[in-house]
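K.L.:
This structure is in structure tokens; I'll ask about it shortly.
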Amino acid sequence: MFLSVTNRKNVSFNDPQKWFQLSLLALLIIATGCSVDEGPPPITEQNFNPDSIASFVERDFPFITTSVDARALGEGFPNDNITPRCVAIKLGQDAYTCFDTDMLRWSVAWTGDFLPMVTMAQISYRDFHNKSNKIPLIAGKPEIATGLYPGWTGAEPQFEDPRSPSPNPEAPSWGPIPQEIGRWNGLYLDGNQVVLNYTMHGTQILETPGSVMDDEQRAFTRTFRIDDLNQALSLVAAEVANGARSEIEGNQAYLYQGTEEDSVTAVAVVGEDSGQQVQVTDDQYVTVQLSDSQTEHQFTVVLWKGAAANISSFDQLVTQARENSEFPDYQEGGPDQWNQRVRTRGQIAPDTSAYVVDRLTLPIPNPWKRNVRVVDVAFFEDNRAAVVTFEGDVWLIEGIDDKLQELTWKRFASGLYETQSIEIVDGSIYTFGKGGITRFHDFNGDGSADYYENFSNLMDQSIETREWASGMVGAPDGSFYVSKFGALDMGPETSSPKSIMGFRAGSRYGGTITKIAPDGRSIEYYATGFRGPYLGINPETGVVSSSDQQGHSMPSTPINLIDRGDYYGVSATAYRDPLPETTPPLTWIPHSVDRSGSGQAWITSDKMGPLSRSMVHLSYGKPGIFKVLMDSTSDAVQGAVSFIDADYPAPTMKGDVSPKDGQLYVGGFSLWGSDSDVISSLIRLRYTGEQSLKPRDFQVRKRGVILSFGAELHEAAATNPANFQVKRWNYKRTQEYGSGHYKLDGSPGEEVLPVFSAHLSEDRKSVFIAIPDIQEVQQMEVGYNLESNDGTFINDQLWFSVNDVEEADLLAQGFPNINVDELLTGSATVASAKETEKPVTAERGKKLFQQTGCIACHAVEGSGEGNVGPALHGIFGTTRQLKSGESAKVTADYIEQAILEPSEQVVEGYEGEMPSFLGILSANEVASITEYIKSLSSE
């Protein structure tokens, strides 16, 4: 039986009447064998079928948040009109407006068709791997617009942008106007109406936009309520670039346009005469002045554009607006937008290893035919959870328990812009997307948000499509850290000039981690110099971590421990001169191991076995979860990662720990190159209690490496040097995409290090691997084949960086019988050096193609639509058009250069996102991959 109680705070078992009613209901259920609100059976398998997903814009929901480029609306409109943060509102009568939350203006209002759904979240919404995103242009007929200046000013109208200029003199300014001038406060939702809430010069303004229609004529309405006006204000209602002359009749203004004066923009103010006056400046700007002689104002501004011959229609539209100027009762909370629940049943993995992955089945399909691509998850104290999706929805989940048999999903909020983070602080939900940080309020307790409060939008957002709002984490002191991608030089060309290779100018916060004050009203740079960071935080200590995306100026995937003032090596996003010294990461991770890092999660519970009280790193590309080990020396901290083997159905991006079961829950979705074949998932990484053979600790010291485990090791295996394989290499940070591997002398390749001996500790749980010439190096890899005392084999690898080298205190680490002076004498084992070069074959090339991650970016069947790289089926022997304008025939030499120097031959239509495999693949291995690609043309 599923008993749905919508408002539980109204049910009290101390109320005799309600107790009697519920008892009678229960008796009826027993007598009839019926259930209450049982509905369809739970969904057991999520179905990402494009045919069962409706359009991105929902008919019954009044707004979406997006970007709009309105610089080419046509004659008579301002040409400097671009809006990175637009609340696009459906007004009825096929009328729409874009409210610019940075400039507090109507940037454009139009009729006819809505916006094309072409931003990244929109275009991939039903075409799951389509990355051919664009900036939306007005699809219908533009009617009213304003330029890049605030929608309100003081007593004297101003038509200039008050924001600080961009650090790049050729780039536009981005971000909100200064808070002392105005601030976006948020949006109330009342059914299909919205109420905009913002402040100008200390005065709170409430506005509800709408439309009226008479025959074929439509007008836009803006109804205002201002309860405490403390100074005179001016509203900029419209700008007409080709104004010829103007007329003012009472509180109606007519601005005739063009040399023939055959069109007109009309603006009227209706309502009680309480000090509003319409004006025209320079036959270009129509404004409404508010007198400070009245503290309370409620009025409607009516806006219309049409043929001068139809000007009489405007009076009829004004009359309709006057009759429909009632202000919504927004403070009590509107009706539930989505009053249906969706039930799903999770899938519990068998306890086959120490860590397994359970799946929380997503609510797809659902009554709204909505796609559900989960990015992040957060928990309430009572173990309810909330997730946020890339399409801008928030869902609430109840019923999370050991068995996951009855999960109940409830839609809570929608209309957000490419959201990627969610946090719950003191019972309130916060999300972070391109619109900023939003805090939600449910006034009437019906399970849907009534007020979308702008907690903070101080982190500027450019219109560049790859300037993602990638991360937000809450700190113990109530502040937030947020991360943003740099404006990567990918996707549609817009308004930002090029910066260094791979980057455009973007906003002044692209490629940074910033700290937002607990009240949301101030921001500070915390760390800079990133390409595309994702975040993590220890919720108890406040230690901040991040990853970054391999690419231009970022040689591989790093994990960083962040301190205030750190700089991480990307000069395009440094925002300081001169450039400071680059902070080394905690550890690098090889491209073949994690080509796209996401967030980190700190396991604060004691219920996850060896992962308890530790950090894990989440991989988008692999996908999966890595345990992060830390080695503290007297001068530095250095880290290592060990992959936690499990069945990960989709990319792992963000996660949170349940307060009830102490396990880690992780969301993620697939869009870019990944080894996964599932569009999205919400999973639980669960500790079964089985023995874990993952390393629990590591130390790298002058004469070797110490690995510690949670189980006793078999002595013969642990002390056999042949069971260990050690390599090291450096990366080169250049403006090229990624990096090859380089020996310490700078030549391409990897160094294979000899293992002189291996020693077992007194407690039999640690092994010391004696290795000569330990030096600071960006990447080391230790492979090991061990056996525990109970006969379980361990075949694994550990990857780490060496930021500092000091002497080992072997006695303190449990190795009392090692003679340090004799460690590196005698013969050594170099297992990798004994391997003979394998023959060149297409079959071997296929395996290498998969092992190096090429398969995630290049399709070997079909057209490869949506892939990051070109499809390879049938490509050998063809001629390719290159981005440089030249052409090249696909030969063995062409393929070799594409693998080792990929930036030299970028194919037209692609972005050049392939790293170099110089020093990673041998000539023999490159030849095998070439043979495999040849075979794709002969099938």
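The values are calculated or read from the model by the stated rules, or taken from the named source; none is laboratory data. All figures in this text were calculated on a predicted structure; none of them were measured in a lab. Cβ: placed from backbone, ideal geometry, glycine included. Neighbour counts: every protein chain shown.
K.L.:
Taking strands (runs of 3 or more DSSP E) that do not extend beyond region 634-684, which have at least 1 residues that are touching a strand residue (DSSP E or B) at 6+ places or on another chain (Cβ under 6 Å) and of a type in the set (Lys, Arg)? Spell out how you get there, then give the answer.
P.N.:
Numbers: elements: 637-644, 654-657, 664-669.
The strands (runs of 3 or more DSSP E) meeting that bar are 654-657.
K.L.:
May I pose another question? Could you grab me the full set of residues in region 424-435 that are charged (D, E, K, R) and surrounded by 24 or more Cβ atoms within 10 Å (Cβ to Cβ)? Steps first, please.
P.N.:
Taking region 424-435 and keeping what is charged (D, E, K, R), we get 426, 434.
Lys434, the sole residue that qualifies.
K.L.:
Among (1) in the same structural domain as Phe220 (by TED's automatic domain parsing); (2) of a type outside the set (Ser, Thr, Tyr); (3) in contact with a Phe, Trp or Tyr (Cβ under 8 Å, 6 or more places away or on another chain), there is one condition Gly39 misses while meeting the rest; what is its number?
P.N.:
Only one criterion is unmet by Gly39, namely (1).
K.L.:
Among the residues of region 610-662, which ones are of a type in the set (Val, Ile, Thr), within 23 Å of the chain's Cα centre (by Cα) and farther than 20 Å from Lys765 by Cα?
P.N.:
Filtering region 610-662 down to residues of a type in the set (Val, Ile, Thr) leaves 616, 625, 628, 633, 637, 641, 644, 652, 657.
Then keep just the ones that are within 23 Å of the chain's Cα centre (by Cα); that gives 616, 625, 628, 652, 657.
Hits for region 610-662 are Val616, Ile625, Thr652, Val657.
K.L.:
Select from region 716-740 the residues that are more than 28 Å from Val767 (Cα to Cα) and surrounded by 19 or more Cβ atoms within 10 Å (Cβ to Cβ) and list them in ascending order.
P.N.:
Step one: list which residues in region 716-740 are more than 28 Å from Val767 (Cα to Cα), which gives 731-740.
Tyr731, Glu736, Tyr737, Gly738, Ser739, Gly740 - these are the residues of region 716-740 that are more than 28 Å from Val767 (Cα to Cα) and surrounded by 19 or more Cβ atoms within 10 Å (Cβ to Cβ).
K.L.:
Here's something else I'd like to know. Name the residue, out of Thr465, Thr514, Thr541, Thr528, that is farther than 30 Å from Ile603 by Cβ, out of contact with any Asp or Glu (no Cβ under 6 Å at 6 or more places or on another chain) and of a type in the set (S, T, N, Q). Break it down into steps so the answer makes sense when it comes.
P.N.:
Working: Thr514 fails: farther than 30 Å from Ile603 by Cβ; Thr541 fails: farther than 30 Å from Ile603 by Cβ; Thr528 fails: farther than 30 Å from Ile603 by Cβ.
Residue meeting the stated conditions: Thr465.
K.L.:
Given the residues Leu713, Leu707, Leu682, which is the only one that is of a type in the set (A, V, I, L, M, F, W, C), modelled with pLDDT of 95 or more and under 30 Å from Ala859 (Cα atoms)?
P.N.:
Values: Leu713 fails: under 30 Å from Ala859 (Cα atoms); Leu707 fails: under 30 Å from Ala859 (Cα atoms).
Result: Leu682 is the single residue among Leu713, Leu707, Leu682 that is of a type in the set (A, V, I, L, M, F, W, C), modelled with pLDDT of 95 or more and under 30 Å from Ala859 (Cα atoms).
K.L.:
I need the strands (runs of 3 or more DSSP E) fully contained in region 470-587, keeping only those with at least 1 residues that are surrounded by 18 or more Cβ atoms within 10 Å (Cβ to Cβ) and in contact with a His (Cβ under 9 Å, 6 or more places away or on another chain). It would help to see each step written out before you state the result.
P.N.:
Working: elements: 480-484, 512-516, 523-528, 534-537, 544-547, 557-562.
Once the strands (runs of 3 or more DSSP E) in region 470-587 are filtered for at least 1 residues that are surrounded by 18 or more Cβ atoms within 10 Å (Cβ to Cβ) and in contact with a His (Cβ under 9 Å, 6 or more places away or on another chain), what remains is 534-537, 544-547, 557-562.
K.L.:
Sticking with this structure for a sec: Within region 495-549, work out how many residues are more than 21 Å from the chain's Cα centre (by Cα), of a type outside the set (A, V, I, L, M) and over 23 Å from Gly474 (Cα atoms).
P.N.:
5
Conditions (1) touching a Gly at 6+ places or on another chain (Cβ under 7 Å); (2) under 25 Å from Arg183 (Cα atoms), marked per residue:
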| site | (1), (2) |
| --- | --- |
| His441 | no, yes |
| Asn444 | yes, no |
| Asn454 | yes, yes |
| Val473 | yes, yes |
| Arg504 | no, no |
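K.L.:
Among (1) surrounded by fewer than 17 Cβ atoms within 10 Å (Cβ to Cβ); (2) touching a strand residue (DSSP E or B) at 6+ places or on another chain (Cβ under 6 Å); (3) over 15 Å from Ser234 (Cβ atoms), where does Gly250 come up short?
P.N.:
Unmet condition: (2).
K.L.:
Within region 787-836, work out how many residues are modelled with pLDDT under 95 and in contact with a Pro (Cβ under 7 Å, 6 or more places away or on another chain).
P.N.:
Looking only at that region, the number is 4.
K.L.:
Another question, then. State all residues of region 801-816 that are under 19 Å from Lys765 (Cβ atoms) and touching a residue at least 24 places away in the same chain (Cβ under 8 Å); if no residue qualifies, say none. Spell out the reasoning first.
P.N.:
Just the residues of region 801-816 that are under 19 Å from Lys765 (Cβ atoms), to begin with: 808-816.
Those that are under 19 Å from Lys765 (Cβ atoms) and touching a residue at least 24 places away in the same chain (Cβ under 8 Å): Ala808, Leu810, Gln813, Gly814, Phe815, Pro816.
K.L.:
Specify which of the listed residues (Leu137, Leu148) is part of a loop (DSSP other than H, G, I, E, B), buried (at least 19 other Cβ atoms within 10 Å of the Cβ) and of a type in the set (A, V, I, L, M).
P.N.:
None of the others qualify; the one that does is Leu148.
K.L.:
Mind listing whichever residues of region 265-278 are at pLDDT below 95 and of a type in the set (S, T, N, Q)?
P.N.:
Ser274, Gln276, Gln277, listed by residue number.
K.L.:
Spot the failing condition for Thr344; the list is (1) loosely packed, with under 15 Cβ neighbours inside 10 Å; (2) farther than 23 Å from Gln217 by Cα, and only one is missed.
P.N.:
(1)
K.L.:
Just a yes or no: is a residue in region 328-342 assigned to a loop (DSSP other than H, G, I, E, B), of a type in the set (Ser, Thr, Tyr) and touching an Asp or Glu at 6+ places or on another chain (Cβ under 7 Å)? First the steps, then the outcome.
P.N.:
As a first pass, look at region 328-342 and keep what is assigned to a loop (DSSP other than H, G, I, E, B): 328-329, 333-341.
From what is left, the residues that are of a type in the set (Ser, Thr, Tyr) are none.
Among the residues of region 328-342, not one is assigned to a loop (DSSP other than H, G, I, E, B), of a type in the set (Ser, Thr, Tyr) and touching an Asp or Glu at 6+ places or on another chain (Cβ under 7 Å), which makes the answer no.
K.L.:
Looking at Ile437, Ile513, which one is touching a Ser or Thr at 6+ places or on another chain (Cβ under 6 Å) and farther than 19 Å from Asp102 by Cβ?
P.N.:
Details: Ile437 fails: farther than 19 Å from Asp102 by Cβ.
Checking each option against the conditions leaves just Ile513.
K.L.:
Something else now. Which one of these is closer than 28 Å to Asn192 by Cα, touching a Lys or Arg at 6+ places or on another chain (Cβ under 6 Å) and in a strand (DSSP E or B): Thr438, Thr408? Before the answer, list the steps.
P.N.:
Working: Thr438 fails: touching a Lys or Arg at 6+ places or on another chain (Cβ under 6 Å).
Unique residue meeting the criteria: Thr408.
K.L.:
Now for a separate question. Since His617 meets every condition but one in (1) touching a Lys or Arg at 6+ places or on another chain (Cβ under 7 Å); (2) under 15 Å from Ser547 (Cα atoms); (3) not small (Gly, Ala, Ser), which condition does it not meet?
P.N.:
If we test His617 against (1) touching a Lys or Arg at 6+ places or on another chain (Cβ under 7 Å); (2) under 15 Å from Ser547 (Cα atoms); (3) not small (Gly, Ala, Ser), just (1) comes out false.
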